[in-house]
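What follows is a set of notes on a single structure, which appears directly below.
The values are calculated or read from the model by the stated rules, or taken from the named source; none is laboratory data. Quick caveat: nothing in here was measured; it's all calculated off a predicted structure. Neighbour counts are summed over all protein chains in view; Cβ atoms, including those assigned to glycine, are modelled from backbone coordinates with ideal geometry. Calculation scope for accessible area: heavy atoms of the full protein, side chains included, ligands and nucleic acids excluded. Shrake-Rupley method; radii C 1.70, N 1.55, O 1.52, S 1.80 Å.
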Amino acid sequence: MKHNFVGPSYTIGIEEELMIVDGETLNLVNAVESLLEDAPDGQIKPELMESVLEIATDPAPDTAEAGRQLRALRKQVRETAAKRGLAIGSAGTHPFAMWEDQRIAARPRYRDLVSSLRFVARQELIFGVHVHVAVDDPDKAIHVANGMRVHLGVLLALSANSPFWRAQATGMRSARIPIFRAFPRVGIPPAYRDWADYEREIAFMVDSGVMEDYTYLWYDVRPHPDLGTVEVRVCDGQTRVEHTLALAALIQAMVRELAEHHESGEALAAYPWQMLDENKWLAARDGLDGELVDLPSNERIATKALARRLVDRLRDHARDLGSATELAAVEDLLRNGTGAERQTVVYEANHDMRELMADIVEATGA
């Protein structure tokens, strides 16, 4: 398999899946084709459904530059939407939209996906943040992706921003996670021994005809050979851009730590897949207010304490990468709550879903 794991290491790219809503009713609108246009600071692309818009930065040396691009892209799509009586919102789910009302984007990949996955694909009305970090060696990329599996629970807890689904309070901090779990080839990925092992397993699945290529693996973290990156896909869409950048800075620092771990010749600790998956479930249910299993000690500890410990350990990496300023916004999530908690506060005031969606749209543009 061809790959582009050639460096430079630790450049970063960010993708955000955004909601397209009516400027007055705040209902999702099937209007992506009217918003696609050239973007000087990255890409504006369709997604599976016509009510979803993806923005993607170009590779950036640090999160400061990625942030400049991301803010410019958000501004561009908001302004284009406003000219058409539309608005843009960002969160893990739209609070009251129904997937039955959404049209599939007129692209062969997405139509084939619906043909293959049936209603499972049609109900995937969710919005995430994907962070790409470049790595300069294929075996190193596998090591980093394997090691990132331990951190997925904390990343999800910090990013949880989808407590409502189909006009109902779900009791979850991230309802997006169980919704997406209906897809095949999602969640905590298997651990691969090395690049050759990854190549063999991908070839086996492609040759068997179950998927066209590796991009049909939608795991929470995956190597992306074409781009030469490790891609982290576990996070809910973030309403506030500074939270997207904080998560990106944290992920970038995690990648650097794991890359240096590989360079030192150290082996990763082995943990049961079931425990990694359980931590992710606990994070989806409780966000930062619950507990996770601290895998080295096998003891449950407060998720906030685990997150703070991780941030403290990675702060020097973020500083060296030029991303310390963006990482600092993690403190806002730890102190003032995730998007899920903020959504719940707004909703509880009047139990008004449209008021909640209006708040999401306003904060998306802040």
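Tabulated data
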read-out: Student exercise, the chain dipole from Lys, Arg, Asp, Glu Cβ charges, in Debye to nearest 20; value: 600 debye
read-out: Euclidean distance between Cα centres, the stretch 277-348 to the stretch 191-269, Å; value: 20 Å
read-out: Per DSSP, loop trypsin sites (Lys or Arg not before Pro) in the stretch 224-271 with at most 15 further Cβ within 10 Å; value: none
read-out: Dipole of the stretch 199-262, positive end: most advanced residue of ALA246, THR229, GLY209 [Cβ charges, Cα centre]; value: ALA246
read-out: For LEU86, distant residues with modelled amide H under 5 Å away; value: GLY23
read-out: The chain, accessible surface, carbon-and-sulfur percent (1.4 angstrom probe); value: 49 percent
read-out: Trypsin sites (Lys or Arg not before Pro) restricted to DSSP loop in the stretch 1-94 with at most 15 other C-beta within 10 Å; value: LYS2, LYS83, ARG84
read-out: Cα gyration tensor, the stretch 208-317 - rounded (a/c under 1.5), prolate or oblate; value: rounded
read-out: Contact order normalised by residue count of the chain, Cα under 8 Å, 6+ apart, percent; value: 23 percent
read-out: Estimated [θ] at 222 nm from DSSP helical runs (n ≥ 4, -39500 (n - 2.57)) normalised by residues in the chain, nearest 500; value: -13500 deg cm²/dmol
read-out: Lysine pair count for the chain [Cα-Cα under 21 Å; pairs on different chains or 8 or more apart]; value: 5
read-out: Surface accessible to a 1.4 Å probe, per residue, for the residues of the chain, Å²; value: 41 Å²
